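Please treat every number below as a calculation from the coordinates, not as lab data. These figures come from a predicted structure and were not determined experimentally. We place every Cβ from the backbone using ideal geometry, glycine too, and count neighbours over all the protein chains shown.
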Amino acid sequence: MNKAELIDVISIATDLPKVTAARALDAFTASITTALQRGNGVSLVGFGTFTVKARAAREGRNPQTGAAIQIAAAKLPSFKPDKGLKDALN
């Protein structure tokens, strides 16, 4: 499912116009992004938890030349599904 299809589903489920559903989806994703940028997690009971994980700097290899390269440390978004979501899938 892509973003346009998700907007259609939200619009039908909530009886909202597609424009309003699109704004709601954009606000949802922006809110999660902002919270993660501030270092906060976002927990949606029954769905899952969004957090930020730190990846340490490390040494890698250039696959073409085999030369060693340094890979910088990074912060990565992470999602852990809650039991409710897991149960819905199984």
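Dipole size in debye (nearest 20) for region 1-40 around its Cα centre, Lys and Arg Cβ +1, Asp and Glu Cβ -1?
With Lys and Arg at +1 and Asp and Glu at -1, about 180 debye.
Compute and list, largest first, the equivalent-ellipsoid semi-axes of region 41-90 from the alpha carbon gyration tensor, each √(5λ) rounded to a whole angstrom.
They are 36, 14, 5 Å, listed from largest to smallest.
Using label points projected 7 Å from each Cα along Cα→Cβ, tell me how many nm separate Leu44 and Asp87, to one decimal.
Taking the two extended label points, one gets 1.8 nm.
On the principal axes of its Cα set, how long, how wide and how thick is region 1-69? Give whole Å, largest value first.
57, 29, 20
Put +1 on the Cβ of every Lys and Arg and -1 on every Asp and Glu Cβ in the chain; which of Thr14, Gln64, Leu44 then has its Cα farthest towards the positive end of the dipole?
So the residue furthest toward the plus end is Gln64.
Once label points are set 7 Å from the Cα along Cα→Cβ at both Leu16 and Ala35, what is their separation, rounded to one decimal in nm?
Result for the modelled spin labels: 1.6 nm.
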